[in-house]
Amino acid sequence: MEKFVLKGDICYSTDTRTLQTAEAAYLVCVDGKSAGVFETLPEQYQDLPLIDCSGQLIMPGLVDLHVHAPQFAFRSLGMDLELIDWLNTHTFPEESKYADMAYAFSAYLAFVGDIQRGPNTRSVIFATRHVPATVLLMDLLEESGLSCMVGKVNMDRHAPEPLVETSAAQSLADTRTWLSEVAGRYSRVSPILTPRFIPSCTDELMAGLGEIHREFGLPVQSHLSENKSEIDWVGALRPEAESYGHAYYRNGLFGGDVPTVMAHCVWPTAEEFALIKQQQIRVAHCPQSNINLSSGIAPIRRYLDAGVPVGLGSDVAGGANTSIFRAMSDAIGVSKLYWRLIDQDAAPLTLEEAFYLGTLGGGRFFGEVGSFAPGFEFDALVIDDRSIPGRRDLEIADRLARVVYLSDERHIVRKFVQGAAVALGT
Ligand code: GUN
Ligand code: FE
């Protein structure tokens, strides 16, 4: 169905602070895009099929800017560890298993089923360094109807055998094989260059990825300034770089003409903050992961005030939950602690701002995604919040707050990506 109308109680962001709401209103889809939200249905749309969602909430699908698909299987384990120990104890041994396609198939099927049932419609995903399993994950995501960017991970140092890649040359050759296998294969899934983080990538590998970027024009994702020991380690590995961010920048993999999402950005130095701003790096704020791995609290108010683009990430398995509703409530919570404990001038995030981050803030990385303004891609969620016990006499903004804090996948009744219904699964 390419053209249709949804009727219900609609909310969406148009900028960081503004939540638009409309009760018993009409959201029109034409050719996979929003034609706008209307209080009364314009004449020209009156013959379109109407899906009546009266009494239910209609909002843009949520965007997860940072998630590790192969870590889904060990969510919640090792949450008493910090980053480097957690990587060595849980993450690297688990990711080694994706050399086995039977294991990869069952584990990735579980991951894809989970996000299909949940509220996210778009995800920017780390796979593992294995090419066949990464292609399999992309195939499963394409079938699911979700829209995703997926990266074959590059990592040629400081990881155990057999996960570590044997050389920069091998890692780069595998990346090219992967890119040729997926070229033209999908309508909703696309590749993204994915150096794991500076400690995992030799200078030779980073330089080669810079070349691949220039050849293919792909976007880039990685991790930045998550944990203090990690940052000290990068300082020792790349002494010529003014900051952790400058190490990516020196290899041409840090914003500017290269659409780049960097997870965490918890501990920017002044120089790094200025570079993030100058290069318009999209910060993937992953509050649950930052709590679980005791990494710290990212200065999101400072980024927003400086005009740095920010979205939200689950960072599964640093975060235990894939839902970006959970990331919204955690983002508000940690911003309150930051304000109370660290900087009394950094006002906590409001519900409207957190909702913006999880929809339009992340959606912008995909283009015109994450809002219902005319021309935006038609990614929508319909939520029946009437089965959340409690007061019924609430305005849409307060109903949204209850959905953010209290809903789960049972409340999701419909989900659309680019105007196509996504099967919610069983
Ligand atoms: N830094 C490098 N790899 C990882 C990872 O898998 N998760 C997190 N949270 N940080 C990382
Ligand atoms: Fe991560």
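The values are calculated or read from the model by the stated rules, or taken from the named source; none is laboratory data. Note that the structure is a prediction, hence the values are computed from the model and not measured. Ideal geometry is used to build each Cβ from the backbone, glycine not excepted, and the neighbour counts take in all protein chains shown. Heavy atoms of the whole protein, side chains included, go into the accessibility calculation; ligands, DNA and RNA do not. Shrake-Rupley method; radii C 1.70, N 1.55, O 1.52, S 1.80 Å.
Can you tell me which residue among Ala327, Ala241, Ala274 is of a type in the set (A, V, I, L, M, F, W, C) and within 13 Å of the chain's Cα centre (by Cα)? Reasoning before the result, please.
Values: Ala241 fails: within 13 Å of the chain's Cα centre (by Cα); Ala274 fails: within 13 Å of the chain's Cα centre (by Cα).
Testing whether each residue is of a type in the set (A, V, I, L, M, F, W, C) and within 13 Å of the chain's Cα centre (by Cα) leaves just Ala327.
Before we move on, is Pro191 more than 16 Å from ligand 1 (Cβ to nearest atom), in contact (Cβ under 8 Å) with a residue 60 or more places away in the chain and not β-branched (Val, Ile, Thr)? Full working, then the answer.
Numbers: more than 16 Å from ligand 1 (Cβ to nearest atom): yes; in contact (Cβ under 8 Å) with a residue 60 or more places away in the chain: no; not β-branched (Val, Ile, Thr): yes.
For Pro191, the condition - more than 16 Å from ligand 1 (Cβ to nearest atom), in contact (Cβ under 8 Å) with a residue 60 or more places away in the chain and not β-branched (Val, Ile, Thr) - is not met.
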Scan the range 136-151 and report the pairs whose first residue is open to solvent by 10 Å² or more (accessible area, probe 1.4 Å) and whose second residue is assigned to a strand (DSSP E or B) and not hydrophobic (A, V, I, L, M, F, W, C), with Cβ atoms within less than 8 Å and a gap of 6+ or a chain change.
Met149/Ser123; Met149/Ser190; Met149/Pro191; Met149/Gln221
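Would you please name the residue that is nearest to Ser329 (Cα to Cα), looking only at residues in the range 385-426 that are part of a helix (DSSP H, G or I) and of a type in the set (Asp, Glu)?
So the first thing to find is which residues in the range 385-426 are part of a helix (DSSP H, G or I), and the list is 385-387, 396-406, 409-411.
Filter once more, keeping what is of a type in the set (Asp, Glu): 385, 398, 409.
Details: Asp385: 17, Asp398: 14, Glu409: 16 Å.
Going through the qualifying residues, I end up with Asp398.
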Select from the range 48-89 the residues that are in contact with a strand residue (DSSP E or B) (Cβ under 8 Å, 6 or more places away or on another chain) and charged (D, E, K, R) and write down the one among them that is nearest to Val382 (Cα to Cα).
Asp52
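Which one is nearest to the chain's Cα centre (by Cα), of the residues in the range 68-99 that are small (Gly, Ala, Ser) and within 10 Å of Thr128 (Cα to Cα)? Give the derivation first.
Just the residues of the range 68-99 that are small (Gly, Ala, Ser), to begin with: 69, 73, 76, 78, 96, 99.
Filter once more, keeping what is within 10 Å of Thr128 (Cα to Cα): 69, 96, 99.
On the way: Ala69: 12, Ser96: 23, Ala99: 25 Å.
Top of the filtered list is Ala69.
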Checked the range 69-89 for anything in a helix (DSSP H, G or I), touching a helix residue (DSSP H, G or I) at 6+ places or on another chain (Cβ under 8 Å) and away from ligand 2 (no atom under 14 Å from the Cβ); matches are Ala73
Report yes if some residue within the range 11-28 is surrounded by fewer than 22 Cβ atoms within 10 Å (Cβ to Cβ), free of Cβ contacts under 8 Å to residues at least 60 places away in the same chain, more than 21 Å from the chain's Cα centre (by Cα) and not in a strand (DSSP E or B); otherwise report no.
no
Could you go through the range 360-372 and let me know if any residue there is assigned to a loop (DSSP other than H, G, I, E, B), away from ligand 2 (no atom under 16 Å from the Cβ), surrounded by fewer than 24 Cβ atoms within 10 Å (Cβ to Cβ) and not small (Gly, Ala, Ser).
yes
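What are the residues in the range 165-189 that are open to solvent by less than 20 Å² (accessible area, probe 1.4 Å) and more than 30 Å from Asp379 (Cβ to Cβ), if any? Break it down stepwise before answering.
Initially, the range 165-189 is screened for residues open to solvent by less than 20 Å² (accessible area, probe 1.4 Å), giving 165, 168, 171, 175, 178-179, 182, 189.
Once the filter is applied, which keeps residues that are open to solvent by less than 20 Å² (accessible area, probe 1.4 Å) and more than 30 Å from Asp379 (Cβ to Cβ), the range 165-189 yields Glu165, Ala168, Ser171.
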Determine which single condition Ala331 fails, assuming it passes every other condition in (1) open to solvent by 30 Å² or more (accessible area, probe 1.4 Å); (2) more than 19 Å from Arg188 (Cα to Cα).
(1)
Condition set more than 30 Å from Ser407 (Cβ to Cβ) and hydrophobic (A, V, I, L, M, F, W, C), scope the range 90-122, selection farthest from ligand 2 (Cβ to nearest atom): answer is Ala102
Mind listing whichever residues of the range 107-124 are open to solvent by less than 10 Å² (accessible area, probe 1.4 Å), of a type in the set (A, V, I, L, M, F, W, C) and either assigned to a helix (DSSP H, G or I) or touching a Ser or Thr at 6+ places or on another chain (Cβ under 9 Å) (or both)?
Phe111, Val112, Ile115
Keeping to the range 37-68, report how many residues are part of a strand (DSSP E or B) and farther than 30 Å from Val316 by Cα.
8
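Take the conditions outside any loop (DSSP other than H, G, I, E, B), without any contact (Cβ under 8 Å) to a residue 12 or more places away in the chain and more than 26 Å from Thr269 (Cβ to Cβ) and apply them to Ser180. Does it pass? Reasoning before the result, please.
On the way: outside any loop (DSSP other than H, G, I, E, B): yes; without any contact (Cβ under 8 Å) to a residue 12 or more places away in the chain: yes; more than 26 Å from Thr269 (Cβ to Cβ): yes.
Judged against the criteria, Ser180 is a match.
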Read through the list (1) closer than 30 Å to Leu140 by Cβ; (2) open to solvent by less than 60 Å² (accessible area, probe 1.4 Å); (3) at pLDDT below 95, then give the number of the only condition that Gly390 fails.
(1)
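If we keep just the residues of the range 301-324 that are open to solvent by 10 Å² or more (accessible area, probe 1.4 Å) and more than 15 Å from ligand 2 (Cβ to nearest atom), which is nearest to the chain's Cα centre (by Cα)? Steps first, please.
Within the range 301-324, the subset open to solvent by 10 Å² or more (accessible area, probe 1.4 Å) is 301-302, 304-307, 309, 320-323.
Imposing the further condition that a residue be more than 15 Å from ligand 2 (Cβ to nearest atom) reduces the set to 301-302, 304-307, 309, 323.
Working: Arg301: 19, Arg302: 20, Leu304: 18, Asp305: 21, Ala306: 21, Gly307: 19, Pro309: 13, Ser323: 10 Å.
Checking each candidate, the answer is Ser323.
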Would you point out which residue out of Ser329, Ser295, Ser335 is part of a loop (DSSP other than H, G, I, E, B) and either within 16 Å of ligand 1 (Cβ to nearest atom) or polar (S, T, N, Q) (or both)?
Ser295
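Provide a single number: the residues in the range 43-77 that are of a type in the set (Asp, Glu) and closer than 30 Å to Thr91 by Cβ.
Of the residues in the range 43-77, the ones of a type in the set (Asp, Glu) are 43, 47, 52, 64.
Cutting the leftovers down to closer than 30 Å to Thr91 by Cβ gives us 64.
Selection size over the range 43-77: 1.
Only residues that are open to solvent by 50 Å² or more (accessible area, probe 1.4 Å) and under 28 Å from Ser295 (Cβ atoms): list them for the range 91-106, please. Step through it out loud before you land on a result.
First pass over the range 91-106, keeping only residues open to solvent by 50 Å² or more (accessible area, probe 1.4 Å): 93, 97, 99-103, 105-106.
The answer is Pro93, Lys97.
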What number of residues within the range 29-45 are loosely packed, with under 15 Cβ neighbours inside 10 Å and in contact (Cβ under 8 Å) with a residue 24 or more places away in the chain?
1
